[in-house]
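The values are calculated or read from the model by the stated rules, or taken from the named source; none is laboratory data. Computed from a predicted model, the values in this text were never measured in an experiment. These area figures cover heavy atoms from the full protein model, side chains too; ligands, DNA and RNA do not enter into them. Shrake-Rupley method; radii C 1.70, N 1.55, O 1.52, S 1.80 Å.
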Amino acid sequence: MRVETNDRIMRRNRKIAQYSFFISMGVWLAGLGVSFSGVFGDDASETLSLIEVGVTLTLPFALILALFAVYMTNLWIREPRPEQAIRDGLKGVSNKSVLYHYFHAPAKHVLISPQGVIVMIVRWQPGTMTVDGEKWRMERGVFGRMTGIFRLDGLGDPVGEAERAVEYIERILEPIAPDVDVEPLIVLTDPRAEADMTDSPIPVLYTDEKRKPNLKSFMRKHPDKGGELPLTDEQIEAFEKATLPE
């Protein structure tokens with residue numbers, strides 16, 4: 001299997017996550033410095049003024065920046081990395097296949113294989129998720145729900161995200177291979193994830209082959225159309241020319 005990964009985007013977003021964290025910490029420390037300088041200063045009125053201005057201007061900005069850093073860290077630094085988990089989960093898939101990472105937002109992970117053109121929506125969160133149709137919910141206590149606000153680890157709308165990803169890839173393929181179907185999957189990359197499924201319009205799979213249902217078993221059972229790719233070499237080349245950087 002050939003794997004194409006947008007390393008430039010990954011490096012850029014990791015740097016953004018790291019810089020955001022350190023800048024937010026710097027702003028917090030600067031705010032503390034203003035407070036301490038006021039406490040040990042000589043002019044009480046000037047001290048009060050410095051404290052009020054420092055806290056008012058720096059702390060809200062630092063909080064927003066820290067939350068942004070958490071969000072970017074979850075997406076681009078947190079282990080296990082989705083691209084590696086998906087690649088490991090697809091071991092044994094036809095060597096004709098091509099896997100793309102981070103070239104086709106909102107379809108971050110796209111697979112062209114004998115089983116078809118597949119977009120994969122990742123959920124990296126650990127813990128138990130209740131899946132009932134299009135509704136996804138994390139099973140947490142009151143404290144877990146409160147801290148989840150600051151961890152920014154909500155599940156969002158995986159089904160809606162998958163539908164948008166499919167539409168995006170279909171638009172790209174329309175002038176290249178208009179009759180090719182695009183299929184969505186939702187994959188859970190964290191080994192501690194647990195899906196309690198009542199029903200789902202889109203297959204929900206683990207990347208860990210020790211869990212069921214998993215990505216590898218799904219691919220093995222999926223019809224592969226005689227081992228041939230759904231796109232010709234020329235169509236894949238046109239798809240890459242339209243979406244991959246030079």
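Structure notes:
- Cross-link partners of K221 among lysines (Cα-Cα below 29 Å; sequence separation of 8 or more within a chain): K91, K96, K108, K135, K210, K212
- Each Cα pair under 8 Å and six or more residues apart adds its separation to the average, and for region 156-246 the resulting relative contact order is 25 percent.
- T58 contributes about 30 Å² of solvent-accessible surface, heavy atoms of the protein only, 1.4 Å probe.
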